[in-house]
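Trainee: This is the structure, below, for whatever I ask next.
The values are calculated or read from the model by the stated rules, or taken from the named source; none is laboratory data. This structure is a prediction, so every number in the text was calculated from the model and none was measured. Glycine also receives a Cβ, built like all others from the backbone with ideal geometry; neighbour counts cover every protein chain displayed.
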Amino acid sequence: MQIKSCYTTFLQMKKSFPTQFLFLVLLGFFLLEQGFAQEIRPSETNQLNKEVTPHLFSHVDKIQGGDSFEVDLLFEIAPGWHLYWYYPGDAGFPPKVEWSLPEGWSASELEFSLPEQFSEPGAMTVYGYERVAWIRAQITPSHVLDEKKSWVIGASLSWLACSNLCVPGKSTLSLSVPVTLQEQHEAQAAIAPALWPSPGAPPFAITILHEPKSFSLSFKREEGSSYEFFPLPEVEASAGHVITTLRGGDIHMTIPWEGKSPFHGLLVQKNIQGIRQGWFLPATSQNFLPSRTPIVVNFWTLIVALASGLLGGLILNLMPCVLPVISLKIFGFINQAGSSRSSILRHGFAFVAGIYLWFLSLGALIAVLKASGMPVTWAFQFQNPGFLLVLSVLVFLFALNLFGVFEITLSQKTGSSLDSLASRSGYAGSFFQGLFATLLATPCTAPFLGSALGFAFAQTGIIIMMMFAAIATGMALPYLLLSAQPGWMKWLPRPGSWMERMKVLMGFPLLATNLWLLSVIGVQQGIGGMMALLILLFLLGLSAWIFGAFAQSSKKIRFITLLLSWVIALMAFWNLIPTIMKTPEVFSETVTLSKKGSSSSQDEIDWVPYSAALLKQLRKEGKAVFVDFTAAWCLTCQFNERSAINTKGVRALLQEHHIVAMKADWTSSNPEITQALQTFGRVGVPFYLFYPASMPGQYSEPITFPELLRESQLIESFSK
């Protein structure tokens, strides 16, 4: 194994991380200054490096010409400090060793012991060692040598030790071989705890799939074991943060990979007894699948996942996101009372076609984005303020149409206004209603839907399309059955003048939807963006009124008012969209945790913003943590928070048991939160986790909760 030099890692940091590159530039000047300022004698070196104390060992008791023997380097690391592995991750560089050997002797490449993963400020992930680090090499003497003579091996070491700051260090050590019997025993006693990568392949089957800009690993999980993967790209490539998901009994790991370097890394398993083992991958070419090779999915696993998707799609009809449009469909059923059975069925098919078109189009888009190596999630479009802007404008105009401010003229055949979109001739309207219903459904994840989507998003494009078809089938099924069996419609009231008032009433749920979208824009783009959108909607409302008020006037007046209406609308878009889309200023905040829990009002929960590093630290300290993955555009999330989370009973338990409440706000795209969701096989919100309290250093297993949350579920878990 060839260790990366400081220079090659330096180039890699320059390529991938500009901030860290600047850090290394300054560090390089510091090293140069230290090197030229003084010559440090070996006897002084260890006194100057209090963070790291190195030792040189060997247990060879006899040297023969040409026969290799092992030499081990031990780095004792002070508490709170760490050193780096071959591939350090987002920052740092590994220890470097320059050997001073007798003439004709040689040293092999360095081998590092099994590393660990750490989080550093700035959401950086690094790989290295705490407390102790081991490095070993094979020393090969010349073929002709005096075996009775004692030989001296020298090693010049340099490293970077980091805690809240990073300090470079160096040392020069020497060792006489063969060693004495006492030195041999000391070396064997010291080296015993060291763990090295095992030779050969792991004792279980692994599938490695090469995808655009990433690699993925799949294998069966041994009960009670946990797994980590440490990427090891060459200098011309870089690897991103590893995403690990557990689905059933299978482990799936995704490793973002940039560059042409062949796939290489270390897989580490920690079994139920706490023993760690590691293997370099790929160990052989037989378990490596080239690009676009499909992953074999168990048939019954696929059937269960698709059935979950179908059931989740069915439950989507009850989600708050969809209710405003469902009310329009019920109004359409009332309007169709007395129509022929074939006409009702055709309207049902048109509505269902709208549902299928949106879901299949979204599935195709996600499959394409996944194939191109981009991260994909459920409802990712709601994290885009441009999408929310367009949707808000559409919903507002449709509400004005129902209020009678203006009418949408499609053609003489298809009808005139939205109240006739579900009439006998308005098949295009029924299709649009189905499309619009699914458009508003995507910010919600219903029960059974979260796990089904998590499974599908890790599969091939074909399975992704199958999953979205299953969800569409589940959501469309009630309307298809009601349209195919219209006998139930005899219980509906007869069409009449009351329907005009009902039509106006149906506009209010759409206005409520618009208020929700405005609140999301306010969270994403700030108060300035929300106010700009309100002004835009006001001007569009004025434009729509001018358009509708003079629609029946003379041709000349209609032309002038139509022109004025379009000018107002275009000027509004032209002047206000840049303000709406402007990225708001972000103010950093310092998070401090009181030992007594919340310092806020008893009527509110003292939420801590999500941080993977903070969560890991809290779990390491044994504290109980409740994590709420939420978003402002997720109505199910808001409903759960008001009805099940932010209640008197839950707030009391949070304070009584000193439970840290952590909020992972996914309203805008956040890679750290996305990675955390994917770790649990989820691609959308809501999602809830509770880590019970434990002894310090003993990480408790998380408890997950369903998408539709009840207060009693939290109280039961928090009270244990």
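Trainee: Those residues that are at pLDDT 80 or above and in a loop (DSSP other than H, G, I, E, B), I need them from the range 202-219; list them, please.
Mentor: Pro202, Pro203, Phe204, Ala205
Trainee: On to the next question. Output the residues belonging to the range 523-550 that are without any contact (Cβ under 8 Å) to a residue 24 or more places away in the chain and within 22 Å of Met581 (Cα to Cα).
Mentor: Ile527, Met530, Met531, Leu534, Phe538
Trainee: Now for a separate question. What are the residues in the range 666-702 that are more than 24 Å from Thr254 (Cβ to Cβ) and more than 19 Å from the chain's Cα centre (by Cα), if any?
Mentor: Correct list: Pro692, Ala693, Ser694, Met695, Pro696, Gly697, Gln698, Ser700.
Trainee: Take the residues of the range 58-83 that are more than 46 Å from the chain's Cα centre (by Cα) and of a type in the set (A, V, I, L, M): which is farthest from Pro168 (Cα to Cα)?
Mentor: Ile63
Trainee: Determine whether the range 70-86 contains at least one residue that is outside any loop (DSSP other than H, G, I, E, B) and among the small types (Gly, Ala, Ser).
Mentor: No, that holds for no residue.
Trainee: Another question about this same structure. Of all residues in the range 220-250 being of a type in the set (A, V, I, L, M, F, W, C) and modelled with pLDDT under 85, which is nearest to the chain's Cα centre (by Cα)? Break it down stepwise before answering.
Mentor: Just the residues of the range 220-250 that are of a type in the set (A, V, I, L, M, F, W, C), to begin with: 229-230, 232, 235, 237, 239, 242-243, 246.
Still in the list and also modelled with pLDDT under 85: 235, 237, 243, 246.
Values: Val235: 26, Ala237: 22, Ile243: 8, Leu246: 14 Å.
If we take residues in the range 220-250 being of a type in the set (A, V, I, L, M, F, W, C) and modelled with pLDDT under 85, then Ile243 is nearest to the chain's Cα centre (by Cα).
Trainee: If I filter the range 297-349 down to residues being within 27 Å of Arg682 (Cα to Cα) and of a type in the set (Gly, Ala, Ser), which single residue comes out as modelled with the highest pLDDT?
Mentor: Looking at the filtered set, the residue picked out is Ala307.
Trainee: Now for a different question. Here are some conditions: (1) out of contact with any helix residue (DSSP H, G or I) (no Cβ under 8 Å at 6 or more places or on another chain); (2) over 19 Å from Ala371 (Cβ atoms); (3) buried (at least 17 other Cβ atoms within 10 Å of the Cβ). Gly240 meets all but one. Which one does it not meet?
Mentor: Gly240 satisfies every listed condition except (2).
Trainee: Can I ask one more? Tell me, yes or no, whether the range 593-605 has at least one residue that is at pLDDT 85 or above and either of a type outside the set (Ser, Thr, Tyr) or in a helix (DSSP H, G or I) (or both).
Mentor: Checking the range 593-605: at least one residue is at pLDDT 85 or above and either of a type outside the set (Ser, Thr, Tyr) or in a helix (DSSP H, G or I) (or both).
Trainee: Next up: Do we have any residue at all in the range 112-126 that's charged (D, E, K, R), outside the structural domain of Asn670 (by TED's automatic domain parsing) and either within 27 Å of Ser176 (Cβ to Cβ) or part of a strand (DSSP E or B) (or both)?
Mentor: The answer is yes; a qualifying residue exists.
Trainee: Still on this model: I'd like to check something: does the range 542-564 contain any residue that is at positive phi, crowded, with 16+ Cβ neighbours inside 10 Å and either over 29 Å from the mean Cα position of the chain (by Cα) or modelled with pLDDT under 85 (or both)?
Mentor: No, there is no match, as no residue in the range 542-564 is at positive phi, crowded, with 16+ Cβ neighbours inside 10 Å and either over 29 Å from the mean Cα position of the chain (by Cα) or modelled with pLDDT under 85 (or both).
Trainee: Among the residues of the range 674-696, what is the count of those that are buried (at least 23 other Cβ atoms within 10 Å of the Cβ) and part of a helix (DSSP H, G or I)?
Mentor: 1
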